[in-house]
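Heads up: the structure comes next, in structure tokens.
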Amino acid sequence: MRLLQPLFALFASATDRELTRVVEYLKAENRILRDQLPAPITLTNRERSRLIKLGKRVGSALKDLITIVSYRRFTRWVAAGDGNPTPLSLNQA
């Protein structure tokens, strides 16, 4: 938790413009890291549920933020609920 405190402090003190730049940077960093992975990313049900919970809080702005899966896949997760017992590969459309 101590490692995240500076990040939280940055978010708390930043303006909307600064937050936009931070999010853009983190999205670019995430894409670079994902491109370097040798195999498809697979999420557990717990990870998927966490993304659903956090994504619902973001609302429609999630369309511009989401990078780990498509927004369409995310909306299917939400529509299906949290009851899928098997991990999902992110390569599935």
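Looking at (1) more than 25 Å from F8 (Cβ to Cβ); (2) at pLDDT 90 or above; (3) in contact with a helix residue (DSSP H, G or I) (Cβ under 6 Å, 6 or more places away or on another chain), which one does G55 not meet, given that it meets all the others?
That leaves (1) as the condition not met.
Taking segment 70-92 as the search range and keeping residues that are touching a Lys or Arg at 6+ places or on another chain (Cβ under 9 Å) and at pLDDT below 85, which one is nearest to A28 (Cα to Cα)?
L90
Pick out, from segment 1-75, the helices (runs of 4 or more DSSP H) lying fully within it that include 3 or more residues that are in contact with a Cys (Cβ under 8 Å, 6 or more places away or on another chain), on the phi > 0 side of the Ramachandran plot and surrounded by 12 or more Cβ atoms within 10 Å (Cβ to Cβ).
Qualifying helices (runs of 4 or more DSSP H): none found.
The values are calculated or read from the model by the stated rules, or taken from the named source; none is laboratory data. Predicted model, so just to flag it, every value in this text is computed and none were measured. Note that each Cβ is placed from the backbone with ideal geometry, even for glycine, and that neighbours are counted across all protein chains shown.
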